[in-house]
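We did not get these values from a lab; they are worked out from the coordinates using the rules stated. Quantities reported herein were computed from a predicted structural model and do not represent experimental measurements. Positions of Cβ are backbone-derived with ideal geometry, glycine not excepted, and every protein chain shown enters the neighbour counts.
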């Protein structure tokens, strides 16, 4: 027995960054928007206040702000010859729950794509020859950096991003990231401060001929008002950033930055504890008619709408398409179909640098995006000739926290537990920094998403199934960039030892157990060719012209950067075209 | 009325047990005071002794308290009795299959049952850690961590990781949860705790020896309130 | 609001007059150096009192000297104790904030800011201007090491006002975008050394005035303008409510008794 509601102009699935941004823009453009959020209502000020929020066990280990796997999870296997089993416990990635979604517990590392990232396939082919992409399903995005620039800029301003520009309108600026695409404006707030080891990394990197800069950060550094009129305050470097909400209102999140200034708008309605089961299709399948969801009282409700926006977490967007029968699922055997194709992740490695007693790192003084970074080995910023891989990553001396359950670095050769371990932990806790290698992730035909044949979620729907392992390309890339990071570490002063960790080392299969990043991308990629993409370059589904898709599921492969900045640039780009073009004349915006 | 003492149970560790030999560790002896007369919420006495011996191999006593001296067994007891032990955050729908290491937790029982079964299995095969000497204890624990074996119907290597995880959490988590007594873990590394404001000092190359304070820090003291303690009903209740 | 400001400025000249014409100052009040030294055995107190390093006997002696109105190189021309009391409790009027047990680094920074104009104040600026940096450190450590007792409360306020103040202090207001005071000011507003002063037990009228000064932009000496951006979201009711509430909260030390800091 399904309750049918009156039609609304727009229904938006998910109240995270892109869902609330869509609601703001469309509501202010005269569209009546209903936002459906599976999780509960909460507010940054009252839900994330210190000191209760600063509880490592509850939030970082028991993952209180993250999705509950009994309600929603997926199944996983490294390759098609294995049987996928449920990811019973969170580990490798941490999707969010509740109002604000993962935008509450992110770190705030906010980047732009490089211009060459957006046409990765043609760029690498042109420069190195097509063969360099053999075996990979790397694609162009269909949209250029120049087209996205105003939208990337806008989101940075929504977040009050702190940083130091390296390229202003084509002029490179010493001290910033000289590799970045041209920016039309500087960062809205001053760059963050740096700890002593970070200062040392900066000096050493510079001496070695690299170009260090302060990482762009959505941990705001001064009192700031964003374009929507929302207020943010400055970061206290409290060291409880990732996995936690910010009661100081210093980490940009969707609640303070957008929800607070949107909530009373007459065109905005938020329904929490509303779990969307399906997008419903019209009889001829050419459009969607609305969504069916389970409301807070457990009733099945159908919300009709003229336009449907899919703004759930990347993985759940793909899942929704699959269980709704939107477009055609990818079949790895035939290579046909598009939904679930080109799933990729992030390739993480790190050099662990141990200092003598002269250097106090005070790791507990940290912020999610407090980092001194070099981009010299990201994207195609370096010559890939004869290296045997494409892509790269940034190397960053990041100091986010010193929370002792998880943070207890020990030099190479230290036993994993016991007397020596204990001593090594206390000898090194205050004198260490990690150099993160944040590597890109190429798409290959054998990594994909589909539906599991055996396991179901709490609503009786089949789990999403993830088939993924690190491609050879990325193993070679990771090893190369990590060697550069290690070299910088060894060149710093007062260093007594350097260890390394490489998730994509030769012989190390991808595991869902250790945390890496919450950067699951692809599965509903954007492009200009409907045989290899789910949405066109405006984020509009080829098969259903009134369905617009947002989030990192659109990425054809992953960049060497955290995805939030690029995906929000795409979101505002899509919204611009919805407002100025689509809504006045609903139709496919691109020919196939 | 039978008097119950956690400390009495945990001190039955024989040679190289809870030696309390070092002065700094003496402070942690008071750690039992709050929960000492409270029966275990989940564990049996044998399980508690076993865990104390096990965890003290992982984090032994030196200038700083051992795991059990810092309240790790109290912490694990509370965890197994509460959400974590009962399977919070675990998808427990079947069918259950043995997976690859990359697929993570696939046991068909929740952590409380898992650990209970493991300990029972270990005791059954004569590995009563509490009565062994230090060397033998360490070698048995090492075997659990390295050797593929089924103990009490559980994957010993996987249970080892679960217990190691709990040990670190108990040693370094906020004292509210029953471990990290008197901030033993935080004092050892120099972590100031839940109250954090570092804007003025983040760029300074200085020692910052703020005494630790947890979420439930008792004002004017060097201690924190503890969840287990607040759950106490007194002896003659 | 305006009345309080004027009252503060008016009462000082009166006290100055009294100070200059009276006979010998009464130095007998307040804790002696040995007591303060002993208090520093407690880790928390030592960390709270330190400015650049852990205070020793000499620094505390110098601090006491400065507080009494004299110092090797001329001093401030004004004894701290005249307005702030020998025990740091102020004079009961609320015109002068209590200093006892405030973080030493915070007190030191205020003196530096008074002197360089970052925190303009007609009374304190000329006083601070005459102190050397070492004297500032000394007197800050001296007051920082002091025990914090309770002070008499002022007047009656409606329970609803205290309730609202308590909410703002502990939880903040999602509606107004005001983060809870305790985020930075420590549990129950009892301070977070070294940077953040305690509000618990501070004079309500003083705190209310400061909030207004933050809002007006007259006081602007906090890192990154946090206080002004927060104060701008508060109206007069909010400021009064939170100040009245916090003035009634006992300081950390007073919650368990004055002797505790010495014993272990």
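With the calculation restricted to Cα positions, what are the radius of gyration and Dmax of region A:3-84 in angstrom?
18.3, 51
Residue A:494 to residue A:387: extension gain in nm, 0.36 nm per residue of separation minus the Cα-Cα distance?
Here the answer is 35.3 nm.
Within region B:188-205, what residues put their amide N at less than 11 Å from the label point 7 Å along the Cα-to-Cβ vector of residue A:199?
Within reach of a label on residue A:199, which here means backbone N under 11 Å from a point 7 Å along Cα→Cβ, region B:188-205 contributes B:202-205.
Using the Cα gyration tensor of region A:408-513, with a ≥ b ≥ c the square roots of its eigenvalues, what is the shape: rounded (a/c below 1.5), prolate (a/b larger than b/c) or oblate (neither)?
It is oblate, given that a/c is not under 1.5 and a/b is not larger than b/c.
Separation between the residue C:130 and residue A:284 pseudo-spin-labels, each 7 Å from Cα along Cα→Cβ, expressed in nm?
About 9.2 nm, to one decimal.
Express in nm, to one decimal, how much length is gained between residue A:454 and residue A:173 on full extension, taking 0.36 nm for each residue of separation and deducting their alpha carbon distance.
Result: 95.6 nm gained on full extension.
log10 I(q)/I(0), Debye, Cα-only the protein assembly as shown, no solvent, q = 0.05, 0.06, 0.08, 0.09 Å⁻¹?
-0.34, -0.50, -0.89, -1.11
I'm a student and want to see the number: the projected area of the Cα convex hull of region B:6-231, averaged over all directions, in nm².
Mean shadow area of the hull around the Cα atoms is 14.4 nm².
Return one number: the angle in degrees, 0 to 90 and rounded to the nearest 10, between the long axis of the Cα atoms of helix A:314-324 and the longest principal axis of the Cα atoms of chain A.
30
Angle check, please: helix A:17-27 long axis (alpha carbons) against the longest principal axis of chain A (alpha carbons), in degrees 0 to 90, nearest 10.
Once rounded, the angle reads 40 degrees.
Among A:9, A:375, A:356, rank each residue by its count of other Cβ atoms within 10 Å, from fewest to most, as a rough exposure measure.
So the residues, fewest neighbours to most, are A:356, A:9, A:375.
Would you please put A:291-300, A:432-441 in order of how densely packed they are, using the mean number of other Cβ atoms within 10 angstrom per residue and starting with the highest?
Highest mean packing first, the order is A:432-441, A:291-300.
May I ask you to derive the relative contact order of chain A, considering only C-alpha pairs under 8 Å and at least 6 residues apart, and to give it as an integer percent?
Rounded, it is 22 percent for chain A.
Please give, to one decimal in nm, the separation of the simple spin-label points placed at residue B:63 and residue B:204, each 7 Å out from Cα toward the Cβ.
Label-label distance for residue B:63 and residue B:204, simple model: 2.4 nm.
Below 8 Å between Cα atoms, with a sequence gap of 6+, how large is the relative contact order for region A:204-297 in percent?
The value is 18 percent.
Roughly what % antiparallel, to the nearest 5, for the DSSP beta bridges in chain A?
Of those bridges, close to 70 percent are antiparallel.
Once you put a point 7 Å from the Cα of residue B:124 and another 7 Å from the Cα of residue B:100, both along the Cβ direction, what distance in nm separates them?
According to this spin-label approximation, the distance is 3.1 nm.
Going by how many other beta carbons lie within 10 Å of each one, how would you line up A:105, A:54, fewest first?
Sorted ascending by nearby Cβ count, the order is A:54, A:105.
Return the FRET efficiency for the residue pair residue A:528, residue A:472: r is the Cβ-Cβ distance, R0 is 30 Å, and the value is rounded to the nearest 0.05.
My answer for the efficiency is 0.60.
Write down the percent of antiparallel bridges among all DSSP beta bridges whose residues are both part of the protein assembly as shown, to the nearest 5.
70
Which distance in Å, rounded to a whole number, links the C-alpha centroids of region A:228-255 and region A:276-299?
Cα centroid to Cα centroid, the span is 35 Å.
What FRET efficiency comes out for the pair residue A:131/residue A:576, r = Cβ-Cβ distance, R0 = 51 Å, nearest 0.05?
About 0.85, to the nearest 0.05.
How do B:218, A:279, B:189 rank when sorted from fewest to most other Cβ atoms within 10 Å of their own Cβ?
The order, fewest Cβ neighbours first, is B:218, B:189, A:279.
Just to verify a number: FRET efficiency for residue A:41 and residue A:71, C-beta to C-beta distance, R0 = 22 Å, to 0.05?
Efficiency computed from Cβ-Cβ geometry: 0.80.
For the protein assembly as shown, what does the helix formula give at 222 nm: sum of -39500 (n - 2.57) over DSSP H segments with n ≥ 4, over the residue count, nearest 500 deg cm²/dmol?
-9000 deg cm²/dmol
For region A:500-592, what is the relative contact order in percent, using Cα pairs closer than 8 Å and at least 6 residues apart in sequence?
25
Please report the Cα spread of chain A along all three principal axes, rounded to whole Å, starting with the longest.
Projected onto the principal axes, the Cα atoms of chain A cover 70, 54, 52 Å.
Please give the helix A:419-428 orientation as an angle from the longest Cα principal axis of chain A, in degrees from 0 to 90, rounded to the nearest 10.
Helix A:419-428 sits roughly 90 degrees off the main axis of chain A.
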